[in-house]
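*Asks:* One structure, pasted below without further comment.
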Amino acid sequence: MTATHFLFDIGNVLIDWNPAHLFSKIFADDEERDFFLTEVCPQEWNVEQDRGRSWADGIAEAKSRHPEYESHIQTYWDRWIETINGPIQETVEMKRNLRAAGYPVYALSNYARETFALTEEKYPFLKEFDDRIISAHEGLIKPDPAIFLLAEERFNLPRETTLFIDDSEANIASARELGFMTHHFNEPSALKTHLRDLGIAA
């Protein structure tokens, strides 16, 4: 069975996102940088913005826990766009080629409301989908099965022929459990090979 619809994650599939891209410029000491990103503003903290918490509230919460890092926490917001190292161009081109070939192509991404607005302004190719679901807009977040079911209903997706592409194993496992086709993304060449194995040129 081949894929007829495509559902793309954004971060680390279409854009190279990592807070270390920014904070390697801020901290001279790698250990202090790692402490900041695992204890002060860890991924679990960032996920709450993806879930719908405002960045203003997130910044205030982190400052209340670690006032000694107040300026660094503020920098997370003030220079957030520097957490992106640019597009993953090969995947962007595959997405465009799939749409050009007539396939329905959608986005399903965990992303905060404010930072997604900043990102699509800088990288307009993120508007090149048939439709998108951004977690903070919905109050749902991957790997919650509910967000996949929302995508299925809103986009009229056939699970058994919709290929979901994501860099998170937890998200892939959730989608697979629901019956979606999946590709655990780690590099564009592997995705291209997977598509070729499905008989799809991209």
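*Asks:* Calculate one ³J(HN,Hα) per residue across segment 153-168 by plugging θ = phi - 60° into the Karplus curve 6.51 cos²θ - 1.76 cosθ + 1.60, and present them in order as whole Hz with x for glycine and proline.
*Replies:* 6, 5, 9, 6, 8, x, 4, 5, 10, 9, 8, 9, 10, 8, 8, 9
*Asks:* Could you give the size of the charge dipole of segment 33-142 about its Cα centre, using +1 on the Cβ of each K and R and -1 on the Cβ of each D and E, expressed in debye and rounded to the nearest 20?
*Replies:* On the way: 14 positive and 20 negative charges, 60 e Å.
The dipole magnitude comes to about 280 debye.
*Asks:* For the chain, taking Cα atoms only, what is the radius of gyration to one decimal and the Dmax to the nearest whole Å?
*Replies:* Here Rg and the maximum Cα pair distance are 17.6, 56 Å.
*Asks:* Moving on. When DSSP assigns beta bridges and you keep just the ones with both residues in the chain, what percent turn out antiparallel, to the nearest 5? Display every interim value, and only then the final one.
*Replies:* Numbers: 2 of 18 bridges.
Roughly 10 percent of the beta bridges in the chain run antiparallel, per DSSP.
*Asks:* Summarise the accessible area of segment 95-202 (1.4 Å probe, protein heavy atoms) by the percent that is carbon and sulfur. Numbers along the way, then the final one.
*Replies:* Working: 2260 of 4930 Å².
Exposed carbon and sulfur together represent 46 percent of the surface.
*Asks:* Provide the packing ranking of 4-17, 72-85, i.e. peptides ordered by the mean count of other C-beta atoms within 10 Å per residue, highest first.
*Replies:* Numbers: 4-17: 21.5, 72-85: 16.9.
Highest mean packing first, the order is 4-17, 72-85.
*Asks:* Oh, and also: List the extent of the Cα atoms of segment 77-122 along each of their three principal axes, largest first, rounded to whole Å.
*Replies:* 39, 19, 16
*Asks:* While we're here: Among all lysine pairs in segment 1-141 that are eight or more places apart or on different chains, how many have alpha carbons less than 23 angstrom apart?
*Replies:* The number of close lysine pairs in segment 1-141 is 4.
The values are calculated or read from the model by the stated rules, or taken from the named source; none is laboratory data. All of these numbers come straight from a predicted model, not from anything done at the bench. FYI the Cβ positions are ideal-geometry reconstructions off the backbone, even for glycines, and counts take in every protein chain you see. To get the accessible areas, we keep the full protein, side chains included, count just its heavy atoms, and leave off ligands, DNA and RNA. Shrake-Rupley method; radii C 1.70, N 1.55, O 1.52, S 1.80 Å.
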